[in-house]
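One structure below.
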Amino acid sequence: WIRYARINVEYDSKMFMIDHINSNGTGGYTLRYFTDFNNNANAVAAFKRALESWRCGTYIHWIVGSTTTTDVSASDGTNVVRFDNGAELASGVLGIAQSYYAGCFTANDSLWYLEEIDITFDDATTWEYGPVAPSVSESDFESVCVHELGHAHQLGHVNNTNWVMNYS
C-alpha cells in the first residue's frame, strides 16, 4: 500500500517533485504565529504537538519564531500560522496549507523547491484542542494541524480514511 502522495509542479509540460530547502539556516523553515493564533494557548500547544509528531519522521527542522503581524496567506516571505478572517476558507474547510514555490533552471533540468508555506485554520469551527478526543460537535484541532503540516511536507491527499492525509 502507498500511504502518501507527493505534490508535484507542472512546468513546461513536465512534472517535477518539490524539494525542501534550508530556509532558516537550521535545516528547515521558521513558522510564525499571527497574533490572534499566538494568543490562543490551546491552539499553540496543539500545533506544537503536531509539529513534534512530524519531527523525527521527516527531519525537516520546522521551528517557531517570533510572532508576526502578517494576517494573510501570500507569497510575502513570512511562513504564517493563523486563523482565517470571516468566511475566508471555503465552506467545510477546516484548514489549508498554502505552498509557494520557486524554481532554478538550467539548459537540461529544472529544480523546484518550497519557498514558503502559510497555514490557515477556520476561526468559526468549534475546536477541541486536545489532547482529549473531540465530542460529536467539535473538530480535532491537533489532527487538522498534523494533516496541514503533511501538506507543508508536500504530501497530497489519499483515499484511505484511516490515514492522516485522507482528503476529508
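The values are calculated or read from the model by the stated rules, or taken from the named source; none is laboratory data. This is a predicted model, so every value here is computed, not measured. Methodologically, a virtual Cβ is constructed for each residue, glycine included, from the backbone with ideal geometry; neighbour enumeration extends over all protein chains shown. Accessible surface is based on the protein model in full, side chains and every heavy atom, while ligands, DNA and RNA are left aside. Shrake-Rupley method; radii C 1.70, N 1.55, O 1.52, S 1.80 Å.
Can you compute 3J(HN,Hα) from phi for each residue in segment 151-168, using the Karplus curve 6.51 cos²θ - 1.76 cosθ + 1.60 with θ = phi - 60°, rounded to whole Hz and x for Gly and Pro?
In residue order, the calculated couplings are 5, 4, 7, 6, 9, x, 7, 10, 8, 6, 5, 8, 9, 4, 8, 4, 5, 10 Hz.
Residue-wise, which Karplus ³J(HN,Hα) couplings in Hz belong to segment 84-98, taking 6.51 cos²θ - 1.76 cosθ + 1.60, θ = phi - 60°, and x for glycine or proline?
Couplings: 6, 10, x, 9, 4, 8, 4, 4, x, 8, 8, x, 8, 10, 9 Hz.
Summing -39500 (n - 2.57) over the DSSP H runs of n ≥ 4 in the chain and dividing by its residue number, what mean residue ellipticity at 222 nm do you reach, to the nearest 500 deg cm²/dmol?
-6000 deg cm²/dmol
Please list, in order along segment 20-28, the HN-Hα scalar couplings obtained from phi with the Karplus expression 6.51 cos²θ - 1.76 cosθ + 1.60 (θ = phi - 60°), rounded to whole Hz, x for Gly and Pro.
9, 10, 8, 5, 9, x, 10, x, x
Mind listing the long-range amide H neighbours of Ala5? Cut-off is under 5 Å, sequence gap 5 or more, other chains count too, H placed in the peptide plane at 1.01 Å from N.
Under 5 Å from the amide H of Ala5 lie the amide H atoms of Gly156, each far enough along the sequence or on another chain.
Sequence-distant or interchain residues sharing an amide H contact under 5 Å with Gly28, placed H: which?
When sequence neighbours closer than 5 places are left aside, the close amide H contacts are Ser23, His61.
Sequence gap at least 6, Cα distance under 8 Å: using those rules, report the relative contact order of the chain to the nearest whole percent.
That works out to 26 percent.
Report, to the nearest whole %, how much of the accessible area of the chain belongs to carbon and sulfur atoms, 1.4 Å probe, protein only.
51
Remind me, relative contact order of segment 104-168 in percent, using alpha carbon pairs under 8 angstrom and six or more residues apart?
17
Given the Cα-Cα distance of Asp12 and Cys56 and 0.36 nm per residue of separation, how much length would full extension add, in nm?
Extra length available between Asp12 and Cys56 comes to 12.3 nm.
Can you list residues from other chains, or at least 5 along the same chain, whose modelled amide H is less than 5 Å from the amide H of Asp123?
Those lying under 5 Å, H to H, from Asp123 are Asp84.
Hey, rough spin-label estimate for Glu138 and Val93, points 7 angstrom out along Cα→Cβ, what's it come to in nanometres?
Label-label distance for Glu138 and Val93, simple model: 2.5 nm.
Quote the charge dipole size of segment 78-144 about the Cα centre in Debye, to the nearest 20; the model charges only the Cβ of Lys and Arg (+1) and of Asp and Glu (-1).
Computed about the Cα centre, the dipole is about 120 debye.
In debye, nearest 20: dipole of the chain around its Cα centre with unit charges on the Cβ of K, R (+) and D, E (-)?
Here the chain has a charge dipole of around 540 debye.
Tell me which of Asn160, Ala133, Leu114 sits at the most positive position along the dipole axis of segment 92-168, charges placed on C-beta atoms (Lys, Arg +1; Asp, Glu -1).
Most positive-ward Cα: Asn160.
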